[in-house]
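**Q** Below you'll find the structure I mean.
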Amino acid sequence: MRRSLPLAICLGMGILMMIQFFVPHPVSVAFYDLTTKWIRIVSAFALVLGVGSLILYHTDRLRRQRPGWAYSIVTLVALVVTAVIGLAWGVKPGSPLQEVLFKNMLVPLNASMFAILAFYMASAAYRAFRARTKEAALLLIAAFVVMLGMVPVGESLWHKLPEVAEWVLSVPNMAAKRAILFGVALGAIATSLKVILGIERGWLGGGKG
Amino acid sequence: MNLILFLLISTFIPPFISVRDTPNDAGKSITVSWELPEAVTVEALVLERMGADEQTVTVATLPGTEQGYVDEDVTDRQPYRYRVAAVAGADTVWSAWSAVVSSSPQFFNWARVNILVAMLIFFALVIYFIEHAKAGRYLFVRRIAGLDAVEEAVGRATEMGKPIVYVPGLGSVADIATIASLNILGEVAKKTAQYDSALLVPNRDPIVYTVAREVVKEAYTKAGRPDAFKPDNIFFVTSEQFAYAAAVDGLMVREKPATNFFLGTFWAESLILAETGATTGAIQIAGTDSVFQLPFFITACDYTLIGEELYAASAYLSREPLLLGSLKGQDYGKLLIIVIVFLGSVLLLLSKIPALGFFSNILNFFNVS
């Protein structure tokens, strides 16, 4: 029963959602809307479990004084302060949550993390472009041509370079991309079918029902 | 009144206005279309509607180049008529009223019949090969280096006495890549239970967190080591993308894991995670279905599961005949797509020959836009 009920729900909902895709009738649209509302409600309950996990994980780190335990204090204080400000002053635009915490703290912190990407890209590119193998050499040449073709100096070096760069992007690159996407699409459909039919039960911990 | 404009419009507009219930929709929509003679330059068009109460309502004022309009402000099963006016300077010429039309919802979207056919063929292939596998016949599956390395990666963690970090992606449980990742997590967790390694699973989505915890718990029970399961090792971090990346980076730097798994849906943080992991000296196995993140993983990780290999992983690791059968079905589906792409290219070339224009009708069947 512990396994068969989720599998039955999965099978029923899977088939209904497939039918829904082909039926434009308002009843079908209303069913889809209702389902998405349910997903949001379930997510809200799961968030409570998530926050519970967060509190337990960090209080445990504090109690055991694990490496970096001081960061757990920052996390817990941030959690409480955000919750209190949100509950006391609301979450609407202009509220302290939006103006102080979101605009002046969260957005700059996110931007800083995103900015680190530029340095990681440089180090990853250095590693990728070391022409140790034939494939890496090919990658290096292709990347060099594309990068040079995308900047004005490339055109001044050779007027056909932007065209060559465009061709590399839109023909061999696009062909490889589409081949991957075909595989991904079929893999996704097959996985969905296996989950709906109960063949793939990894999400339930595996095994037989 | 511009005499030429009047003659042209009054002669040509009335027969050319057509109305119909918008096809393949949920109702409450009527499509009106018209044709103006090419010689006429119209500044603006005014569309009017008359309902059962004989009241006239202006539906829209459109640029003179428009050739149709979808009226979505109607009630189902109510009769309506339409007329359009061409405006040029101070002159306005109305067409005659159209035929009576009413909207209604449809029970089947005929524009998606090709998708239905493709889906049924693919399902039939997958189910056929699953039955084939059930009969106990051998199915060849090519080697996937990244998955062969899982055993080695878990063993390495045990030898070094260091943990394994498993990142199930940043997607929600509604993403198929996340489902595939959770399936792989079950297999990895079984191995960590057998080898007695620590498995850390930081989560970005609360639902994924609850499912991941159950998956790991079940895997430890199946491996006969329920006592070794530590619920605190599977934890929720945050829903914020870069805050999550920062937390996982911090975890990797502090814990110095022997192995990192990055499997699932990833966005811009993929390289931040993979590069930080690489600096800690861990073996890294990554896999995603995002073509934009794959190059980053290929560059920064030791093994990368490319696209469909992510979905094949649970079948490959578990070696369950039923799952392997569906893999075979996928391969034949791909073969079918290759044949269709080839035929489509040939048909497209043939349809360019004037006498063979009817081939374009066959091509239209494959249009899913």
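**Q** What is the residue count in region B:340-361 for residues that are loosely packed, with under 10 Cβ neighbours inside 10 Å and either at pLDDT 85 or above or aliphatic (A, V, I, L, M) (or both)?
**A** The number of residues fulfilling the criteria is 2.
**Q** Next up: Go over the candidates B:Val341, B:Val291 one by one and state the one that is at the interface with another protein chain (Cβ under 9 Å from one of its Cβ atoms), of a type outside the set (Lys, Arg) and not in a helix (DSSP H, G or I). Give the derivation first.
**A** Numbers: B:Val341 fails: not in a helix (DSSP H, G or I).
From the options B:Val341, B:Val291, the qualifying one is B:Val291.
**Q** Return a yes/no flag: does region B:250-264 have any residue that is on the phi < 0 side of the Ramachandran plot, within 10 Å of chain A (Cβ to nearest Cβ) and either open to solvent by less than 10 Å² (accessible area, probe 1.4 Å) or in a strand (DSSP E or B) (or both).
**A** yes
**Q** Counting only residues that are in contact with a Pro (Cβ under 6 Å, 6 or more places away or on another chain) and open to solvent by 40 Å² or more (accessible area, probe 1.4 Å), how many does region A:142-199 have? Explain how you work it out, then say what you get.
**A** Applying the first criterion (in contact with a Pro (Cβ under 6 Å, 6 or more places away or on another chain)) to region A:142-199 yields A:149, A:155.
Filter once more, keeping what is open to solvent by 40 Å² or more (accessible area, probe 1.4 Å): A:155.
Selection size over region A:142-199: 1.
**Q** Taking the condition of being over 22 Å from B:Gln194 (Cα atoms) and open to solvent by less than 60 Å² (accessible area, probe 1.4 Å), how many residues in region B:137-152 meet it? Break it down into steps so the answer makes sense when it comes.
**A** Keep residues of region B:137-152 that are over 22 Å from B:Gln194 (Cα atoms), which gives B:137-144.
Subsequent filtering for residues that are open to solvent by less than 60 Å² (accessible area, probe 1.4 Å) retains B:139, B:141, B:144.
Of the residues in region B:137-152, 3 are over 22 Å from B:Gln194 (Cα atoms) and open to solvent by less than 60 Å² (accessible area, probe 1.4 Å).
**Q** State all residues of region A:22-59 that are surrounded by fewer than 18 Cβ atoms within 10 Å (Cβ to Cβ), at the interface with chain B (Cβ under 8 Å from one of its Cβ atoms), of a type outside the set (A, V, I, L, M, F, W, C) and within 22 Å of the chain's Cα centre (by Cα); if no residue qualifies, say none.
**A** Answer for region A:22-59, where residues must be surrounded by fewer than 18 Cβ atoms within 10 Å (Cβ to Cβ), at the interface with chain B (Cβ under 8 Å from one of its Cβ atoms), of a type outside the set (A, V, I, L, M, F, W, C) and within 22 Å of the chain's Cα centre (by Cα): just A:Ser43.
**Q** Something else about it: Within region B:41-52, is even one residue within 14 Å of another protein chain (Cβ to nearest Cβ) and in contact (Cβ under 8 Å) with a residue 24 or more places away in the chain?
**A** Within region B:41-52, the subset within 14 Å of another protein chain (Cβ to nearest Cβ) is none.
No, every residue in region B:41-52 fails to be within 14 Å of another protein chain (Cβ to nearest Cβ) and in contact (Cβ under 8 Å) with a residue 24 or more places away in the chain.
**Q** I would also like to ask the following. Looking at (1) in a helix (DSSP H, G or I); (2) open to solvent by less than 30 Å² (accessible area, probe 1.4 Å); (3) out of contact with any Ser or Thr (no Cβ under 7 Å at 6 or more places or on another chain); (4) more than 9 Å from chain A (Cβ to nearest Cβ), which is the only condition B:Tyr244 fails?
**A** (3) is the only condition that B:Tyr244 fails.
**Q** Restricting attention to helices (runs of 4 or more DSSP H) lying wholly within region A:1-102, give those where 1 or more residues are touching a strand residue (DSSP E or B) at 6+ places or on another chain (Cβ under 6 Å) and free of Cβ contacts under 8 Å to residues at least 60 places away in the same chain.
**A** Numbers: elements: A:4-22, A:26-64, A:69-89.
Passing ranges, in order: A:26-64.
**Q** Here is a follow-up. Would it be correct to say that B:Thr276 is part of a helix (DSSP H, G or I) and either of a type in the set (Ser, Thr, Tyr) or under 24 Å from B:Arg143 (Cβ atoms) (or both)?
**A** Numbers: part of a helix (DSSP H, G or I): yes; either of a type in the set (Ser, Thr, Tyr) or under 24 Å from B:Arg143 (Cβ atoms) (or both): yes.
So B:Thr276 passes the test.
**Q** Sticking with this structure for a sec: With respect to B:Thr279, is the statement that it is within 12 Å of chain A (Cβ to nearest Cβ) and over 25 Å from the mean Cα position of the chain (by Cα) true?
**A** Details: within 12 Å of chain A (Cβ to nearest Cβ): yes; over 25 Å from the mean Cα position of the chain (by Cα): yes.
The answer is yes for B:Thr279.
**Q** Going residue by residue through region A:144-162, is there one that turns out to be more than 14 Å from chain B (Cβ to nearest Cβ) and among the charged types (D, E, K, R)?
**A** Within region A:144-162, one or more residues are more than 14 Å from chain B (Cβ to nearest Cβ) and among the charged types (D, E, K, R).
**Q** State whether one or more residues within region B:108-118 are open to solvent by less than 70 Å² (accessible area, probe 1.4 Å), in contact with a helix residue (DSSP H, G or I) (Cβ under 8 Å, 6 or more places away or on another chain) and not in a helix (DSSP H, G or I).
**A** Yes.
**Q** Only one of these is within 12 Å of chain A (Cβ to nearest Cβ), within 24 Å of B:Gly287 (Cβ to Cβ) and surrounded by 16 or more Cβ atoms within 10 Å (Cβ to Cβ): B:Pro163, B:Pro168. Name it. Don't jump to the end; show me each part of the working.
**A** Working: B:Pro163 fails: within 12 Å of chain A (Cβ to nearest Cβ).
Residue meeting the stated conditions: B:Pro168.
**Q** OK, next. Identify, please: which residue in region B:188-206 is open to solvent by 30 Å² or more (accessible area, probe 1.4 Å) and in a helix (DSSP H, G or I) and is, among those, farthest from the other protein chains (Cβ to nearest Cβ)?
**A** By that ranking, first place goes to B:Tyr195.
The values are calculated or read from the model by the stated rules, or taken from the named source; none is laboratory data. The structure displayed is predicted, hence computed values, not measured ones. Every residue, glycine as well, gets a Cβ built from its backbone with ideal geometry; the counts of neighbours run over all protein chains shown. Only protein heavy atoms, including side chains, enter the accessible area calculation; ligands, DNA and RNA are left aside. Shrake-Rupley method; radii C 1.70, N 1.55, O 1.52, S 1.80 Å.
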